[in-house]
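A.B. asks: Could you have a look at this structure, given as structure tokens, before my questions?
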Amino acid sequence: MTDVTQSVTTQPAGTNWAGNLAYSADAVASPRTVAEVQELVRAAASAPSRVRALGTRHCFNDLADTDGLLVSLAGLDPVADGHLQLQTGEDGVTTVRASAGTRYGDLAAALLPLGLAVHNLASLPHISVAGAIATATHGSGDTNRGLGGAVVGLELVTGTGELLELRRGQDGPVPFDAAVVHLGALGIITHVTLAVEPAFDVRQDVFQDLPWESLAQHLDEITGAAYSVSVFTRWNEGGPDQVWLKSRMDALGEGPLGEGGALAYQDDFFGARRATTALHPLPGISAVSCTDQLGVGGPSHVRLPHFKMEFTPSNGAELQSEYLVPREHAVAAIEALRGLRERIVPLLQITEIRTMASDGLWLSPAGQYDAVGLHFTWLPLQAEVEALLPVIEEALAPFDARPHWGKLFTTDAARLAELYPRLGDFAQLAETLDPAGVFRNDYLDRVLRST
């Protein structure tokens, strides 16, 4: 693979962001044009060899790994160089076309001077657009779909080097709803078109020590109390440690928040007390890396994430897992996890509970129903965590828990096929677009089973 093209620079593959995975690839290529991406894929198909797209390395498993060549799209049409294409359709929806390697925080910052914003952001603004949608990464909010829900167009290099343009609502051999959450199995995404909206401001208020009884009895009111709500817990007997409310300033006075937004709760939020100092989700950690709290308003992209773009958002090494359950099962699923607290707590840094709306995407964990995510940030004890995951998955099995594709899980292909009705169709589509298996890797061999 070293003689594919003299114009493409390479560097050692290294490790993922968490440091728990050393990539098997010999190198990472950094093409600067779509044609160079196509050339790399064609060379891999003729070798034969393998190639995988690499985002910002935030997967905690081997989804992006390969024994061939990794391809980074970070140098393709960077936003900093002005590569940002806007268009307003006949339906009045404004869209932005950006390169796949663009980080959400950079995209949002570039949109703000234009009076525009993305609808939501994940906990980290550091992640790339294509990498996030490929794994069904999401933020929070009862009415907010995952990040893939805003995608209206994709540019895709298939396993034969062909360039496909996919558009939501347009018929074609590749169903659009199959291609958004794609696990890297269908090809390399080079550009993504997202629906955007007028810029809006958000304020963030934090409450502490929510009783378990309140969460169980008022879950809908709690998660509906702001545009985006996150509940953080270390599974203490008394209840969750913190509730973060991210309220749209243009919606204050509407809905459960009432006049004055989060201030309507004064110092009591379903039994939780208002925080008077900025907090990190983990006790004893400075909040300097966290987005501003205490009700101070600011642009959405500097409030909706939990961590600031200019900081490395980590308390040292960590591992992550997440399981999404249908909303109607949320309280029962939380109770099942409470029953495992003696096994969870010794390995845990923090659990985050958040919500998302159904997005209709084939492989999205919230594809067919509104969901509640149960997210675990673990201590860097991979053997112990991987031994515990089957216990958690068994406890959540009655609630049809779907794992986050980019985090640690042990759910096998047979169970995944039960949870995802279109998984077999997706596997067949992957074989059609990648007949030589250029994009296959150990991860896809584990999770995909065609019917």
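Taken together, the values in this text are just the output of simple stated rules run on the coordinates, not laboratory data. Everything numeric in this text was worked out from a predicted model, so none of it was measured. Here the Cβ positions follow ideal geometry from the backbone for every residue, glycine too, while neighbour counts run over all protein chains shown.
A.B. asks: Simple spin-label model, 7 Å along Cα-to-Cβ: Asp209 to Thr277 in nm?
C.D. replies: 1.5 nm
A.B. asks: By the scheme Lys and Arg +1, Asp and Glu -1, what is the net charge of all other residues having a beta-carbon under 12 Å from that of Val28?
C.D. replies: Net charge around Val28: 0.
A.B. asks: Per DSSP helix of 4 or more residues, -39500 (n - 2.57); summed, then divided by the residues of the chain. What does that give at 222 nm, rounded to the nearest 500?
C.D. replies: About -5500 deg cm²/dmol.
A.B. asks: List Thr66, Thr33, Thr377, Thr312 from most exposed to least, where exposure is judged by having the fewest other Cβ atoms within 10 Å. Please report the intermediate quantities before stating the final value.
C.D. replies: Details: Thr66 27, Thr33 14, Thr377 21, Thr312 9.
Fewest-to-most Cβ neighbours within 10 Å comes out as Thr312, Thr33, Thr377, Thr66.
A.B. asks: What stretch of the chain, leaving out the sites themselves, is the longest with no GluC sites (Glu not before Pro) in a DSSP loop having at most 15 other Cβ atoms within 10 Å?
C.D. replies: 311-451
A.B. asks: Oh, and also: With r defined as the distance between the Cβ atoms of Ala287 and Asn236 and R0 fixed at 30 Å, what FRET efficiency is calculated, to the nearest 0.05?
C.D. replies: 0.90
A.B. asks: Report, for segment 1-116, the % of DSSP beta bridges that are antiparallel, rounded to 5.
C.D. replies: Numbers: 8 of 15 bridges.
About 55 percent, rounded to the nearest 5.
A.B. asks: Taking the Cα-to-Cβ direction at Asp201 and at Asp67 and moving 7 Å from each Cα, how far apart do the two end points lie in nm?
C.D. replies: A separation of 5.7 nm, rounded to one decimal place.
A.B. asks: Tabulate in residue order the Karplus-calculated ³J(HN,Hα) for segment 427-440, using 6.51 cos²θ - 1.76 cosθ + 1.60 with θ = phi - 60°, rounded to whole Hz; enter x for Gly and Pro.
C.D. replies: 4, 5, 4, 4, 5, 5, 7, 9, x, 8, x, 4, 9, 5
A.B. asks: Right, here's the next one. Under a point spin-label approximation (7 Å from Cα along Cα-to-Cβ), what is the Leu340-Thr312 distance to one decimal in nm?
C.D. replies: 3.0 nm
A.B. asks: Starting from the Cα-Cα distance between Ala413 and Leu379, subtract it from 0.36 nm times their residue separation and give me the gain in nm to one decimal.
C.D. replies: Difference between extended and current length: 9.6 nm.
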